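So the structure is just underneath, and the comments pick up after that.
The values are calculated or read from the model by the stated rules, or taken from the named source; none is laboratory data. Model, not experiment: these values are computed from the prediction. Don't worry about glycine lacking a Cβ; one is built from the backbone with ideal geometry, like all the others, and counts go over all protein chains shown. Surface accessibility is based on the protein's heavy atoms, side chains included, excluding ligands, DNA and RNA. Shrake-Rupley method; radii C 1.70, N 1.55, O 1.52, S 1.80 Å.
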Amino acid sequence: MKLYSPLFQSRFLLIIVIISATVASLIHFPELISLFVTYEPFSLFPGMKPQDVEFEIGFTFISLLILFAVNTFIFRFDTKGMKTGVGRIAFSFVVTWILSSGLGRFFIYLHQHFDIPAIDAIAHHYLHPLRDFIITCIITGSCYIIYLVRRQQSYQLENEQLRAENLQNQYEALKNQLNPHMLFNSLNTLRSLVRESQDKAQEYIQELSRVLRYTLQGNDTQKVPLSGEMEFVNAYIFLQLMRYEDNLRFEIRVDEQLHDKQVPPMAVQLLIENAIKHNEISNRRPLVITIRTEGGEWLSVCNRIQPKMTGESTTGIGLANLNKRYELLFQQQIVVEKTGDVFCVKIPLL
């Protein structure tokens, strides 16, 4: 893959044209000043005409473009991984100096044999070697700086690509952990229902298929509309109510105007599952889970803390998983609040 993008080409061409035009004008600055000297004996370039200066500047401009083209080939800006050391810089300097001197002689040849306007003053000819040296330094230095800038840009681009790939890999790993976790819990519930009631088991299987279909579709996206997430949540709630019956209740207050907001797939379901997993649910202590939107920017899932009598091991997926997904994809974090005996988790609406 070439790193010499069309955008870089256009910028590079614009830069060398600006540099060439500027250098071509400044390198003949003494001649330009002399044009305003009206008294001939005080002029360093007697007999010089404005047309002569114009042709000198024009040919210098063309020469600079040629020298830039040669150095572009030497430095190979369009080649990925091309390294430039002292040897290549020295080679560029020597080649540029020789070509600059050769182009100057070629212009003199055109002036002598084809009457091309040029400056014949002795002082002008004495300045040629110095100008060739200055032009060589400017061309070689400019190309080397462009090379360094381009290399730095390529490194930054590669680092950003690697970072994006790394984030995507981490995100996929988190999702792959999450789906088997939910499926394992659902199958345990289904096993219990099969023993109790065939009708409930069939209805449970039907709703479970809707839930699993959503989880498979969610694997292809990083965020989904809140409306779609809540439809999935309602199916998941149905499954939980079949298992816990009157011992589990939900209060849902989600503003319909926020249905176009975005959340990571299965984010709300994970919070519900987390509340069910870590709290006692019984006839003695029914669990009420509240799902509501707050201020148009947050969705919270809250419940009263009802610790289980026996501790339960955790795989560490839960809230840490969801928070990591928000950090990797959206550079945001969830908010966990514990006020008295009420536990709330707030997730940003994107």
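Kindly establish whether residue 121 is open to solvent by 40 Å² or more (accessible area, probe 1.4 Å) and either small (Gly, Ala, Ser) or touching a strand residue (DSSP E or B) at 6+ places or on another chain (Cβ under 7 Å) (or both).
Working: open to solvent by 40 Å² or more (accessible area, probe 1.4 Å): no; either small (Gly, Ala, Ser) or touching a strand residue (DSSP E or B) at 6+ places or on another chain (Cβ under 7 Å) (or both): yes.
No: the conditions fail for residue 121.
Pairs please, first residue from the stretch 321-345 and assigned to a loop (DSSP other than H, G, I, E, B), second anywhere and hydroxyl-bearing (Ser, Thr, Tyr) and open to solvent by less than 70 Å² (accessible area, probe 1.4 Å), Cβ atoms under 9 Å, 6+ apart in sequence or on different chains.
332/326; 333/326; 334/326
When you scan the stretch 198-215, how many residues do you find that are at pLDDT below 75 and open to solvent by less than 50 Å² (accessible area, probe 1.4 Å)? Walk me through how you get there before you give the answer.
Of the residues in the stretch 198-215, the ones at pLDDT below 75 are 212, 215.
Okay, now just the ones that are also open to solvent by less than 50 Å² (accessible area, probe 1.4 Å), so 215.
Result for the stretch 198-215: 1.
Taking the conditions exactly as written (open to solvent by less than 50 Å² (accessible area, probe 1.4 Å), in contact with a helix residue (DSSP H, G or I) (Cβ under 7 Å, 6 or more places away or on another chain) and not hydroxyl-bearing (Ser, Thr, Tyr)), does residue 59 satisfy them or not?
Values: open to solvent by less than 50 Å² (accessible area, probe 1.4 Å): yes; in contact with a helix residue (DSSP H, G or I) (Cβ under 7 Å, 6 or more places away or on another chain): yes; not hydroxyl-bearing (Ser, Thr, Tyr): yes.
Yes; evaluated as a whole, the condition is true for this residue.
Those residues that are open to solvent by 30 Å² or more (accessible area, probe 1.4 Å) and outside any strand (DSSP E or B), I need them from the stretch 282-302; list them, please.
283, 284, 285, 286, 295, 297
Might you check whether a residue that is at pLDDT below 80, within 53 Å of the chain's Cα centre (by Cα) and either under 23 Å from residue 16 (Cα atoms) or outside any loop (DSSP other than H, G, I, E, B) (or both) occurs anywhere in the stretch 35-58?
Within the stretch 35-58, none of the residues are at pLDDT below 80, within 53 Å of the chain's Cα centre (by Cα) and either under 23 Å from residue 16 (Cα atoms) or outside any loop (DSSP other than H, G, I, E, B) (or both).
Within the set of pairs 6 or more residues apart or between chains, which connect a residue that is within 13 Å of residue 20 (Cα to Cα) inside the stretch 135-154 to a residue that is at pLDDT below 80 with Cβ atoms less than 6 Å apart?
143/75
Being farther than 30 Å from residue 51 by Cβ, loosely packed, with under 15 Cβ neighbours inside 10 Å and not basic (Lys, Arg) is true for just one of 93, 73, 114. Which residue is that?
Working: 93 fails: loosely packed, with under 15 Cβ neighbours inside 10 Å; 114 fails: farther than 30 Å from residue 51 by Cβ.
It is 73.
If you check residue 270 against the conditions, is it in contact with a Ser or Thr (Cβ under 6 Å, 6 or more places away or on another chain) and in contact (Cβ under 8 Å) with a residue 12 or more places away in the chain?
Numbers: in contact with a Ser or Thr (Cβ under 6 Å, 6 or more places away or on another chain): no; in contact (Cβ under 8 Å) with a residue 12 or more places away in the chain: yes.
So residue 270 does not fit the description; no.
Tell me the residue from 126, 147, 109 that is among the hydroxyl-bearing types (Ser, Thr, Tyr), assigned to a helix (DSSP H, G or I) and surrounded by 15 or more Cβ atoms within 10 Å (Cβ to Cβ), please. I'd like the intermediate steps shown before the answer.
Numbers: 126 fails: surrounded by 15 or more Cβ atoms within 10 Å (Cβ to Cβ); 109 fails: surrounded by 15 or more Cβ atoms within 10 Å (Cβ to Cβ).
That would be 147, the only listed residue that is among the hydroxyl-bearing types (Ser, Thr, Tyr), assigned to a helix (DSSP H, G or I) and surrounded by 15 or more Cβ atoms within 10 Å (Cβ to Cβ).
Residue 238 passes all but one of (1) open to solvent by 10 Å² or more (accessible area, probe 1.4 Å); (2) closer than 26 Å to residue 340 by Cβ; which number fails?
(2)
So, residue 221, is that one in contact (Cβ under 8 Å) with a residue 12 or more places away in the chain, part of a helix (DSSP H, G or I) and farther than 21 Å from residue 290 by Cα or not?
On the way: in contact (Cβ under 8 Å) with a residue 12 or more places away in the chain: yes; part of a helix (DSSP H, G or I): no; farther than 21 Å from residue 290 by Cα: yes.
Here the answer is no, as residue 221 does not meet what is asked.
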